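The values are calculated or read from the model by the stated rules, or taken from the named source; none is laboratory data. In this text, all values refer to a predicted model and were calculated from it rather than measured experimentally. Cβ sites come from the backbone with ideal geometry, for glycine too, and all protein chains shown count toward neighbours.
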Amino acid sequence: MLAYLDSRFLPKEEIRISPDDRGFLLGDGVYEVIRSYSGRLFKAEEHFQRLERSLRELKITGVAVAKLQDIAASLLERNDLRGDATVYIQVTRGAAPRRHSFPDTDTPPTVYLTASALQPPTQKIENGVKVILVPDIRWARCDIKSVALLPNILASQQAKERGAEEAIFVRAGTVTEGSHSNFCAVFDGELVTHPKTNHILAGITRDVVLELCRALGIRVREFPVFENELAGANELLILSTTNEVMPVVQVNDWKVGDGKPGPIAMKLQRAFRELTR
Ligand SMILES: Cc1ncc(COP(=O)(O)O)c(C=O)c1O
(Lines give C-alpha, C1' and ligand atoms only; values in the text may rest on other atoms or scores of the structure.)
Protein backbone atom coordinates (compact mmCIF):
# COMPACT_ATOMS: atom_id res chain seq x y z
CA MET A 1 0.00 0.00 0.00
CA LEU A 2 1.38 3.38 -0.98
CA ALA A 3 1.12 6.22 1.50
CA TYR A 4 2.30 9.83 1.43
CA LEU A 5 4.67 11.63 3.78
CA ASP A 6 6.10 15.12 3.34
CA SER A 7 5.98 15.36 -0.49
CA ARG A 8 6.69 11.70 -1.28
CA PHE A 9 4.63 8.62 -2.10
CA LEU A 10 6.19 5.59 -0.38
CA PRO A 11 5.21 2.02 0.53
CA LYS A 12 3.51 2.44 3.92
CA GLU A 13 5.92 0.01 5.64
CA GLU A 14 8.85 2.24 4.61
CA ILE A 15 7.38 5.37 6.18
CA ARG A 16 9.36 6.61 9.18
CA ILE A 17 8.26 9.40 11.51
CA SER A 18 10.72 11.10 13.83
CA PRO A 19 10.45 10.22 17.55
CA ASP A 20 10.59 13.99 18.07
CA ASP A 21 7.41 14.49 16.08
CA ARG A 22 5.04 16.59 18.16
CA GLY A 23 2.13 14.40 17.08
CA PHE A 24 3.87 11.44 18.76
CA LEU A 25 5.15 13.28 21.81
CA LEU A 26 2.32 15.71 22.53
CA GLY A 27 -0.70 14.85 20.40
CA ASP A 28 -0.02 18.17 18.70
CA GLY A 29 -1.79 17.64 15.40
CA VAL A 30 -5.05 17.36 13.51
CA TYR A 31 -6.62 14.84 11.17
CA GLU A 32 -9.41 14.13 8.69
CA VAL A 33 -11.07 10.97 7.41
CA ILE A 34 -12.66 11.14 3.98
CA ARG A 35 -14.85 8.41 2.51
CA SER A 36 -14.66 7.41 -1.12
CA TYR A 37 -17.40 5.69 -3.07
CA SER A 38 -16.49 3.92 -6.33
CA GLY A 39 -13.04 5.52 -6.19
CA ARG A 40 -14.37 9.06 -5.77
CA LEU A 41 -13.91 11.19 -2.68
CA PHE A 42 -17.18 12.26 -1.05
CA LYS A 43 -17.43 15.88 0.21
CA ALA A 44 -13.67 16.33 -0.13
CA GLU A 45 -13.86 20.10 -0.23
CA GLU A 46 -15.82 20.24 2.99
CA HIS A 47 -13.29 17.95 4.72
CA PHE A 48 -10.35 20.07 3.54
CA GLN A 49 -12.09 23.25 4.65
CA ARG A 50 -12.52 21.71 8.09
CA LEU A 51 -8.86 20.66 8.08
CA GLU A 52 -7.88 24.21 7.21
CA ARG A 53 -9.98 25.49 10.08
CA SER A 54 -8.50 23.00 12.57
CA LEU A 55 -4.98 24.05 11.49
CA ARG A 56 -5.87 27.73 11.78
CA GLU A 57 -7.37 27.32 15.26
CA LEU A 58 -4.18 25.55 16.43
CA LYS A 59 -1.90 27.98 14.57
CA ILE A 60 -0.19 25.19 12.59
CA THR A 61 1.17 26.91 9.49
CA GLY A 62 2.98 26.02 6.30
CA VAL A 63 0.55 23.40 4.97
CA ALA A 64 -0.46 23.57 1.29
CA VAL A 65 -4.00 22.33 1.97
CA ALA A 66 -5.08 23.10 -1.62
CA LYS A 67 -2.70 20.40 -2.87
CA LEU A 68 -3.89 17.73 -0.48
CA GLN A 69 -7.08 16.98 -2.38
CA ASP A 70 -5.08 15.90 -5.45
CA ILE A 71 -2.76 13.84 -3.28
CA ALA A 72 -5.76 12.12 -1.65
CA ALA A 73 -7.27 11.32 -5.06
CA SER A 74 -3.91 10.13 -6.32
CA LEU A 75 -3.54 7.76 -3.35
CA LEU A 76 -6.82 6.09 -4.24
CA GLU A 77 -5.70 5.70 -7.83
CA ARG A 78 -2.17 4.49 -7.07
CA ASN A 79 -3.56 1.90 -4.66
CA ASP A 80 -6.27 0.84 -7.09
CA LEU A 81 -9.01 1.61 -4.54
CA ARG A 82 -11.97 1.78 -6.90
CA GLY A 83 -14.61 0.63 -4.41
CA ASP A 84 -15.36 1.62 -0.82
CA ALA A 85 -12.36 3.22 0.85
CA THR A 86 -11.20 5.91 3.24
CA VAL A 87 -8.36 8.40 3.07
CA TYR A 88 -6.77 9.38 6.39
CA ILE A 89 -4.93 12.71 6.60
CA GLN A 90 -2.83 13.82 9.55
CA VAL A 91 -0.89 17.03 10.00
CA THR A 92 1.27 17.67 13.06
CA ARG A 93 3.31 20.67 14.18
CA GLY A 94 6.43 18.82 13.03
CA ALA A 95 9.51 17.35 14.71
CA ALA A 96 11.45 19.47 17.21
CA PRO A 97 13.08 19.11 20.65
CA ARG A 98 10.31 18.45 23.15
CA ARG A 99 8.81 21.48 24.81
CA HIS A 100 5.25 22.67 25.33
CA SER A 101 5.45 25.98 23.47
CA PHE A 102 5.63 26.04 19.66
CA PRO A 103 8.89 25.03 17.96
CA ASP A 104 10.97 27.47 15.87
CA THR A 105 8.99 28.99 13.01
CA ASP A 106 11.09 27.18 10.38
CA THR A 107 9.94 23.75 11.65
CA PRO A 108 7.95 22.21 8.81
CA PRO A 109 4.68 20.47 9.71
CA THR A 110 4.48 16.70 9.18
CA VAL A 111 1.92 15.86 6.50
CA TYR A 112 0.87 12.20 6.25
CA LEU A 113 -1.86 10.63 4.12
CA THR A 114 -2.87 7.00 3.75
CA ALA A 115 -5.74 5.18 2.05
CA SER A 116 -7.42 1.88 2.90
CA ALA A 117 -10.21 -0.26 1.58
CA LEU A 118 -13.34 -0.11 3.73
CA GLN A 119 -15.86 -2.82 4.55
CA PRO A 120 -19.00 -0.68 5.02
CA PRO A 121 -21.00 -1.55 8.16
CA THR A 122 -24.03 -2.50 6.05
CA GLN A 123 -25.73 -4.79 8.61
CA LYS A 124 -25.43 -2.21 11.39
CA ILE A 125 -26.79 0.53 9.14
CA GLU A 126 -29.72 -1.73 8.27
CA ASN A 127 -30.52 -3.16 11.72
CA GLY A 128 -29.41 -0.35 14.03
CA VAL A 129 -26.99 -0.46 16.93
CA LYS A 130 -26.71 -0.14 20.70
CA VAL A 131 -25.05 2.90 22.31
CA ILE A 132 -24.10 3.69 25.89
CA LEU A 133 -24.14 7.09 27.62
CA VAL A 134 -20.91 8.32 29.21
CA PRO A 135 -19.89 11.59 30.89
CA ASP A 136 -18.33 14.06 28.46
CA ILE A 137 -14.93 14.58 30.06
CA ARG A 138 -13.38 16.21 26.97
CA TRP A 139 -11.85 19.66 26.71
CA ALA A 140 -13.82 22.74 25.59
CA ARG A 141 -12.55 22.75 21.97
CA CYS A 142 -14.23 19.64 20.56
CA ASP A 143 -14.80 21.66 17.36
CA ILE A 144 -11.12 21.07 16.49
CA LYS A 145 -10.41 17.67 14.91
CA SER A 146 -7.37 17.03 17.07
CA VAL A 147 -5.46 13.73 17.15
CA ALA A 148 -5.46 14.00 20.95
CA LEU A 149 -8.39 11.63 21.44
CA LEU A 150 -7.91 10.05 24.88
CA PRO A 151 -11.42 10.70 26.26
CA ASN A 152 -12.89 9.43 22.98
CA ILE A 153 -10.70 6.32 23.14
CA LEU A 154 -11.68 5.54 26.74
CA ALA A 155 -15.37 6.05 25.88
CA SER A 156 -15.17 3.92 22.75
CA GLN A 157 -13.43 1.08 24.64
CA GLN A 158 -16.13 1.23 27.33
CA ALA A 159 -18.76 0.92 24.58
CA LYS A 160 -16.97 -2.09 23.11
CA GLU A 161 -16.75 -3.79 26.51
CA ARG A 162 -20.49 -3.28 27.03
CA GLY A 163 -21.39 -4.68 23.61
CA ALA A 164 -22.26 -1.26 22.14
CA GLU A 165 -21.27 0.34 18.87
CA GLU A 166 -20.74 3.84 20.19
CA ALA A 167 -20.46 5.86 23.40
CA ILE A 168 -22.54 9.03 23.50
CA PHE A 169 -21.23 11.89 25.59
CA VAL A 170 -23.44 13.73 28.11
CA ARG A 171 -22.31 17.15 29.34
CA ALA A 172 -24.27 18.95 32.06
CA GLY A 173 -27.40 16.92 31.34
CA THR A 174 -27.31 17.41 27.56
CA VAL A 175 -26.24 14.99 24.89
CA THR A 176 -23.37 16.41 22.84
CA GLU A 177 -22.16 13.77 20.37
CA GLY A 178 -20.62 10.33 20.10
CA SER A 179 -16.95 9.37 20.58
CA HIS A 180 -16.59 9.37 16.79
CA SER A 181 -19.99 10.45 15.49
CA ASN A 182 -22.65 13.13 15.78
CA PHE A 183 -25.95 12.37 17.46
CA CYS A 184 -29.58 13.18 16.56
CA ALA A 185 -32.95 12.45 18.12
CA VAL A 186 -36.35 12.52 16.45
CA PHE A 187 -39.34 13.84 18.42
CA ASP A 188 -42.72 13.91 16.65
CA GLY A 189 -41.14 14.04 13.21
CA GLU A 190 -38.63 16.75 14.10
CA LEU A 191 -34.91 15.97 14.04
CA VAL A 192 -33.03 17.56 16.93
CA THR A 193 -29.24 17.74 17.10
CA HIS A 194 -26.70 19.70 19.16
CA PRO A 195 -25.86 23.07 17.58
CA LYS A 196 -22.37 23.63 16.17
CA THR A 197 -20.58 24.93 19.24
CA ASN A 198 -17.19 24.29 20.83
CA HIS A 199 -18.68 21.16 22.46
CA ILE A 200 -19.06 19.14 19.25
CA LEU A 201 -17.20 18.47 16.03
CA ALA A 202 -19.06 20.00 13.09
CA GLY A 203 -19.53 16.69 11.26
CA ILE A 204 -19.60 16.67 7.49
CA THR A 205 -22.19 13.88 7.59
CA ARG A 206 -24.26 15.99 10.01
CA ASP A 207 -24.23 18.84 7.45
CA VAL A 208 -25.22 16.48 4.63
CA VAL A 209 -28.05 15.01 6.70
CA LEU A 210 -29.41 18.44 7.72
CA GLU A 211 -29.41 19.42 4.06
CA LEU A 212 -31.25 16.20 3.18
CA CYS A 213 -33.80 16.96 5.90
CA ARG A 214 -34.50 20.33 4.32
CA ALA A 215 -34.87 18.74 0.87
CA LEU A 216 -37.16 16.02 2.25
CA GLY A 217 -39.28 18.40 4.32
CA ILE A 218 -38.14 16.93 7.67
CA ARG A 219 -38.14 19.65 10.34
CA VAL A 220 -34.77 20.31 12.01
CA ARG A 221 -33.94 21.94 15.33
CA GLU A 222 -30.30 22.56 16.21
CA PHE A 223 -30.71 22.44 19.95
CA PRO A 224 -29.21 20.25 22.69
CA VAL A 225 -31.13 17.07 23.50
CA PHE A 226 -31.50 16.57 27.23
CA GLU A 227 -30.50 13.20 28.62
CA ASN A 228 -33.77 12.96 30.52
CA GLU A 229 -35.88 13.37 27.36
CA LEU A 230 -34.03 10.65 25.40
CA ALA A 231 -36.40 7.89 26.44
CA GLY A 232 -39.26 9.84 24.84
CA ALA A 233 -37.59 10.05 21.44
CA ASN A 234 -39.18 8.24 18.52
CA GLU A 235 -35.83 7.61 16.88
CA LEU A 236 -32.14 8.14 17.58
CA LEU A 237 -29.32 8.28 15.04
CA ILE A 238 -25.57 8.49 14.90
CA LEU A 239 -23.89 10.11 11.90
CA SER A 240 -20.35 9.84 10.63
CA THR A 241 -18.22 9.51 7.52
CA THR A 242 -17.82 5.74 7.88
CA ASN A 243 -21.09 4.92 9.66
CA GLU A 244 -23.21 7.21 7.43
CA VAL A 245 -26.75 7.34 8.86
CA MET A 246 -26.86 4.66 11.56
CA PRO A 247 -30.03 4.09 13.58
CA VAL A 248 -29.67 3.61 17.34
CA VAL A 249 -32.10 0.96 18.59
CA GLN A 250 -30.84 0.56 22.15
CA VAL A 251 -29.43 2.96 24.76
CA ASN A 252 -27.74 1.29 27.77
CA ASP A 253 -30.34 -1.38 28.63
CA TRP A 254 -33.48 0.19 27.17
CA LYS A 255 -34.93 0.02 23.67
CA VAL A 256 -35.56 3.03 21.43
CA GLY A 257 -39.20 2.99 20.25
CA ASP A 258 -40.01 -0.54 19.11
CA GLY A 259 -36.31 -1.45 18.90
CA LYS A 260 -36.18 -1.16 15.11
CA PRO A 261 -34.87 1.55 12.78
CA GLY A 262 -37.59 4.17 12.32
CA PRO A 263 -39.10 5.81 9.23
CA ILE A 264 -36.99 9.00 9.35
CA ALA A 265 -33.77 6.96 9.57
CA MET A 266 -34.81 4.89 6.59
CA LYS A 267 -35.86 7.94 4.57
CA LEU A 268 -32.52 9.64 5.26
CA GLN A 269 -30.59 6.46 4.44
CA ARG A 270 -32.32 6.19 1.06
CA ALA A 271 -31.55 9.83 0.23
CA PHE A 272 -27.96 9.44 1.48
CA ARG A 273 -27.47 6.38 -0.73
CA GLU A 274 -28.68 8.36 -3.73
CA LEU A 275 -26.08 11.08 -3.03
CA THR A 276 -23.18 8.66 -2.75
CA ARG A 277 -24.12 6.45 -5.68
C1 LIG B 1 -16.06 13.43 17.82
C2 LIG B 1 -16.64 13.27 16.45
N3 LIG B 1 -17.83 13.84 16.17
C4 LIG B 1 -18.40 13.72 14.96
C5 LIG B 1 -17.80 12.99 13.95
C6 LIG B 1 -18.47 12.88 12.61
O7 LIG B 1 -17.84 13.68 11.68
P8 LIG B 1 -17.88 13.37 10.12
O9 LIG B 1 -19.31 13.25 9.73
O10 LIG B 1 -17.24 14.54 9.50
O11 LIG B 1 -17.14 12.08 9.93
C12 LIG B 1 -16.55 12.40 14.18
C13 LIG B 1 -15.89 11.67 13.13
O14 LIG B 1 -14.86 11.06 13.29
C15 LIG B 1 -15.95 12.57 15.45
O16 LIG B 1 -14.75 12.01 15.73
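Applying the set (1) out of contact with any Asp or Glu (no Cβ under 9 Å at 6 or more places or on another chain); (2) more than 12 Å from the ligand (Cβ to nearest atom) to Arg171 leaves exactly one unmet item: (1). Here Ala172, Ala115, Ala140 are screened, and the one residue that is of a type outside the set (Lys, Arg) and surrounded by 17 or more Cβ atoms within 10 Å (Cβ to Cβ) is Ala115. Which numbered condition in (1) surrounded by fewer than 20 Cβ atoms within 10 Å (Cβ to Cβ); (2) touching a residue at least 24 places away in the same chain (Cβ under 8 Å); (3) not in a helix (DSSP H, G or I) is the only one that Ile71 fails? Result: Ile71 passes all but (3). Each residue in segment 233-277 was checked for being within 18 Å of Thr176 (Cα to Cα), surrounded by 15 or more Cβ atoms within 10 Å (Cβ to Cβ) and among the polar types (S, T, N, Q), and 4 of them qualify. For segment 243-260, the set of residues classified as farther than 21 Å from Glu161 by Cβ and within 22 Å of the chain's Cα centre (by Cα) consists of Glu244, Val245, Pro247, listed by residue number. In segment 2-59, which residues are closer than 26 Å to Pro97 by Cα, surrounded by fewer than 16 Cβ atoms within 10 Å (Cβ to Cβ) and of a type in the set (S, T, N, Q)? Within segment 2-59, Ser7, Ser18 qualify. Based on this model, can you work out whether Ala72 counts as small (Gly, Ala, Ser) and farther than 25 Å from Asp143 by Cα? Answer is no for this residue. Close Cβ contacts (under 8 Å, 6 or more residues apart or on different chains) running from residues in segment 22-44 that are in the same structural domain as Arg93 (by TED's automatic domain parsing) and closer than 21 Å to Leu201 by Cβ to residues that are at pLDDT below 95 and part of a strand (DSSP E or B) are absent. Residue selection: Glu32 fails the criterion of being assigned to a helix (DSSP H, G or I) and modelled with pLDDT of 95 or more.
Residue check: Leu201 meets all listed conditions (1) outside any helix (DSSP H, G or I); (2) surrounded by fewer than 16 Cβ atoms within 10 Å (Cβ to Cβ) but one, namely (2).
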